[in-house]
Amino acid sequence: MIKISFPDGSVREYENGVTGMQIAESISPALARNCVACGVNGETTELNRPINEDAKINLYRFEDKEGQHAFWHTSAHLLAEALQELFPGIQFGFGPAVENGFFYDVLLPNGEMIKESDFKKIEDKMLELARKDEAVVRCEVSKADAVKQFSAQGQTYKVEHIEQDLEDGSITTYTQGAFTDLCKGPHIVSTGIIKAVKLTSVAGAFWRGDATKAQLQRLYGISFPKKKMLDEYLVMLEEAKKRDHRKIGKEMELFMFSDRVGKGLPIWLPKGTDLRLRLQEMLRTIQKRFGYQEVITPHIGSKNLYVTSGHWAHYGKDSFQPIHTPEEDEEYMLKPMNCPHHCEVFASKPRSYRELPFRCAEFGTVYRYEQSGELHGLTRVRSFTQDDAHIFCRPDQVKTEFLRVLDIIQAVFSIFGFKDDQVEFQISLRDPNDKEKYIGTDEMWQSAEQAIIDACADRGLNARTETGEAAFYGPKLDCMVKDAIGRRWQLGTIQVDYNLPNRFELEYAAEDNTKQRPVMIHRAPFGSMERFTAVLIEHTAGHFPLWLTPEQVAILPISDKYIDYAEKVQDYLESVGVRSVIDSRSEKIGRKVRDTEVKRIPYMVIVGEKEAADGTVAMRQQGGGEQAVMSMQDFAARINKEVAEMLQAMNIRPKE
């Protein structure tokens with residue numbers, strides 16, 4: 001008999017070799033029907049895999065992230081199975097599950113291409129195969145047998161992957177029907193529970209992401225266990241298109257990209273710059289109350305700085321290549337991270353325990369060489385500004401400082417309307433079986449991980465743990481938010497780091513006058529200004545809070561005769577701190593109103609003969625809201641009162 005521990009702390013005994021499905025059935029037939037995968041000692045696996053030792057188990061439904069991953073992984077194989085039948089001679093690359101669905105990289109023979117017009121027949125074939133309810137069978141194979149098997153199938157890319165990347169004794173395949181794929185898993189146990197599929201797009205993708213290698217086609221899709229779920233997803237997808245920050249950003253003239261400047265390098269236009277600076281000033285005000293000191297560091301640094309920090313070894317391939325200076329025989333890099341610079345700030349003078357914690361903040365721009373195919377608006381760029389800060393503290397101060405950072409992050413989310421049930425927390429730990437990926441000793445990692453776990457427990461956060469997702473220098477708490485249409489975004493992060501202070505030999509004089517290493521906490525409530533702005537645009541559909549929006553009021557003269565009065569109104573509004581713009585075009589008032597709606601300006605005031613004579617404005621709210629005629633003074637007072645109430649809610653200070 002073996003002991004199985006459940007998430008609620010209960011323990012049951014089962015016969016050795018019991019499966020996750022049998023455990024689910026022993027609890028409830030309904031639970032068994034809804035389970036798609038299980039977690040055994042933190043590893044997601046198939047429900048029919050035998051468990052041969054005492055274990056902690058989680059039973060995952062489709063609604064769980066782990067369940068979706070297994071479901072969509074099998075759906076990627078189902079896609080490949082359908083393509084194999086429809087396009088004989090097709091070559092397969094990689095086909096993983098992703099955050100929202102799955103993709104498969106493929107190459108058709110004879111230069112053929114999959115087109116969107118092919119999607120319907122591929123979807124139909126996938127559902128036809130799913131209705132056969134084919135079992136998904138796992139098999140462990142030797143490297144030699146794997147090479148032989150996929151060579152016989154003519155799968156060139158699979159054979160290359162086996163020969164170059166995989167070690168004997170670690171190779172598994174999964175078979176469903178007539179299709180066998182090289183794969184680590186996990187999967188669902190059969191294809192029959194896949195009831196609805198949708199192919200969403202097709203794009204080019206270089207083999208292994210290398211522009212010097214063959215270009216394949218990447219076919220994206222998504223699937224569900226119920227057609228109703230797909231219908232709801234498609235409605236959400238349509239809403240997401242309306243909220244696309246790239247579309248809204250263009251309509252509101254917030255930012256742009258230029259191929260002449262370079263791919264993935266955003267340019268903030270005047271209105272976007274106004275919005276960004278307002279965001280920065282909000283956080284700057286809060287940070288000052290929490291004892292942060294702001295610094296500015298260079299956009300480049302010596303390569304040796306990043307060798308010391310470990311960023312060169314772990315991020316070198318994702319960074320812009322070093323700049324060589326022949327005369328001095330030195331190498332410099334565009335800054336990929338701010339933290340090494342902040343370590344040097346701490347080391348700039350002797351430090352005493354009395355000075356700690358030392359909180360160092362910067363809106364620091366960093367540069368990463370993202371693959372061009374991965375670039376996406378403001379959410380994936382090559383140049384971005386982090387709302388970065390690093391806290392250097394004594395070991396006994398770690399928990400308190402961690403909780404103070406958490407207070408800031410939760411306050412920021414609240415300001416922008418993300419309620420508690422829209423915020424999720426993930427403790428990202430290192431993978432103990434992949435120590436080459438990380439720096440530092442086991443003791444350092446255990447201390448850092450325990451500090452985060454204890455702080456979350458103290459605050460009562462129901463944070464899930466994710467093994468293998470830590471930064472190379474330390475564990476972290478990642479903060480995810482759900483936007484207005486239910487999509488998850490990773491924004492704020494807090495990291496506890498015992499390693500960089502050690503690598504930079506940072507010291508402070510302790511109370512007994514001995515030299516001690518500080519602990520370093522990395523934090524970024526927004527994550528980056530670019531990504532946060534993109535999420536905010538899509539969450540609000542461009543309808544920003546009144547205090548934040550670049551233009552609060554659009555003044556619309558009925559004709560050119562009333563431009564002088566419009567300017568008088570604007571002068572007054574600006575004098576009392578209300579941001580406004582005049583639409584002085586020779587257009588009909590209906591057109592001006594419609595264009596103002598597209599620009600999402602919260603208020604518009606229409607001025608004509610009566611308003612000019614009476615010193616009033618005809619006010620209307622964005623989206624066909626309230627309409628009223630009032631004096632310009634009363635209107636300005638209304639705007640300022642509304643803004644003042646919003647700003648009062650942002651008066652965030654440290655807890656006693």
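The values are calculated or read from the model by the stated rules, or taken from the named source; none is laboratory data. None of these values were measured; they are calculated from a predicted model. Note: ideal-geometry Cβ built from the backbone for every residue, glycine included; neighbour counts use all protein chains shown. When the accessible area is computed, the model is the full protein with side chains, heavy atoms only, and any ligands, DNA or RNA have been set aside. Shrake-Rupley method; radii C 1.70, N 1.55, O 1.52, S 1.80 Å.
Here Glu436 does not qualify as closer than 26 Å to Met282 by Cα and surrounded by fewer than 21 Cβ atoms within 10 Å (Cβ to Cβ).
Quick test for you: out of Gly577, Gly542, pick the one residue that is open to solvent by less than 40 Å² (accessible area, probe 1.4 Å) and part of a loop (DSSP other than H, G, I, E, B). Result: Gly542 is the single residue among Gly577, Gly542 that is open to solvent by less than 40 Å² (accessible area, probe 1.4 Å) and part of a loop (DSSP other than H, G, I, E, B).
Go through the residues of segment 394-407 one by one and say whether even a single one is surrounded by fewer than 17 Cβ atoms within 10 Å (Cβ to Cβ), out of contact with any strand residue (DSSP E or B) (no Cβ under 9 Å at 6 or more places or on another chain) and among the hydroxyl-bearing types (Ser, Thr, Tyr). Checked against the condition, which is being surrounded by fewer than 17 Cβ atoms within 10 Å (Cβ to Cβ), out of contact with any strand residue (DSSP E or B) (no Cβ under 9 Å at 6 or more places or on another chain) and among the hydroxyl-bearing types (Ser, Thr, Tyr), segment 394-407 yields no hits at all. So, Ala566, is that one part of a strand (DSSP E or B) and open to solvent by less than 40 Å² (accessible area, probe 1.4 Å) or not? In short, no. Each residue in segment 295-315 was checked for being of a type in the set (Val, Ile, Thr), outside any strand (DSSP E or B) and either within 30 Å of Arg284 (Cα to Cα) or touching a residue at least 24 places away in the same chain (Cβ under 8 Å) (or both), and 4 of them qualify.
Out of Lys158, Lys148, report the one residue that is in contact with a helix residue (DSSP H, G or I) (Cβ under 8 Å, 6 or more places away or on another chain), among the charged types (D, E, K, R) and assigned to a helix (DSSP H, G or I). Being in contact with a helix residue (DSSP H, G or I) (Cβ under 8 Å, 6 or more places away or on another chain), among the charged types (D, E, K, R) and assigned to a helix (DSSP H, G or I) holds for just one of Lys158, Lys148, which is Lys158. Condition first: at pLDDT 95 or above and either open to solvent by 20 Å² or more (accessible area, probe 1.4 Å) or aromatic (Phe, Trp, Tyr) (or both). Can you find one or more residues in segment 205-215 that meet it? Scanning segment 205-215 turns up no residue that is at pLDDT 95 or above and either open to solvent by 20 Å² or more (accessible area, probe 1.4 Å) or aromatic (Phe, Trp, Tyr) (or both).
Working only within segment 339-382, note down all residues that are open to solvent by less than 20 Å² (accessible area, probe 1.4 Å), assigned to a strand (DSSP E or B), over 13 Å from Met520 (Cβ atoms) and touching a residue at least 60 places away in the same chain (Cβ under 8 Å). Those that are open to solvent by less than 20 Å² (accessible area, probe 1.4 Å), assigned to a strand (DSSP E or B), over 13 Å from Met520 (Cβ atoms) and touching a residue at least 60 places away in the same chain (Cβ under 8 Å): Ala361, Glu362, Gly364. Within segment 490-521, the set of residues being touching a residue at least 12 places away in the same chain (Cβ under 8 Å), farther than 21 Å from Met480 by Cβ and hydroxyl-bearing (Ser, Thr, Tyr) comprises Tyr498, Tyr508.
Among the residues in segment 316-326, are any in a helix (DSSP H, G or I), buried (at least 19 other Cβ atoms within 10 Å of the Cβ) and touching a Leu at 6+ places or on another chain (Cβ under 9 Å)? Checked segment 316-326: no residue is in a helix (DSSP H, G or I), buried (at least 19 other Cβ atoms within 10 Å of the Cβ) and touching a Leu at 6+ places or on another chain (Cβ under 9 Å). Of Arg33, Arg61, which residue is under 18 Å from Pro225 (Cβ atoms) and out of contact with any strand residue (DSSP E or B) (no Cβ under 8 Å at 6 or more places or on another chain)? Result of the check over Arg33, Arg61: Arg33.
Scanning segment 594-632 for residues that are open to solvent by 20 Å² or more (accessible area, probe 1.4 Å) and in a helix (DSSP H, G or I) turns up Arg594, Asp595, Glu597, Val598, Glu609, Lys610, Glu611, Ala612, Ala613, Asp614. The numbered conditions (1) modelled with pLDDT under 95; (2) farther than 30 Å from Met126 by Cβ; (3) of a type in the set (Lys, Arg) are all true for Arg243 except (2).
Of all residues in segment 259-281 being open to solvent by less than 40 Å² (accessible area, probe 1.4 Å) and touching a Leu at 6+ places or on another chain (Cβ under 8 Å), which is nearest to Glu370 (Cα to Cα)? Residue satisfying both the conditions and the ranking: Gly264.
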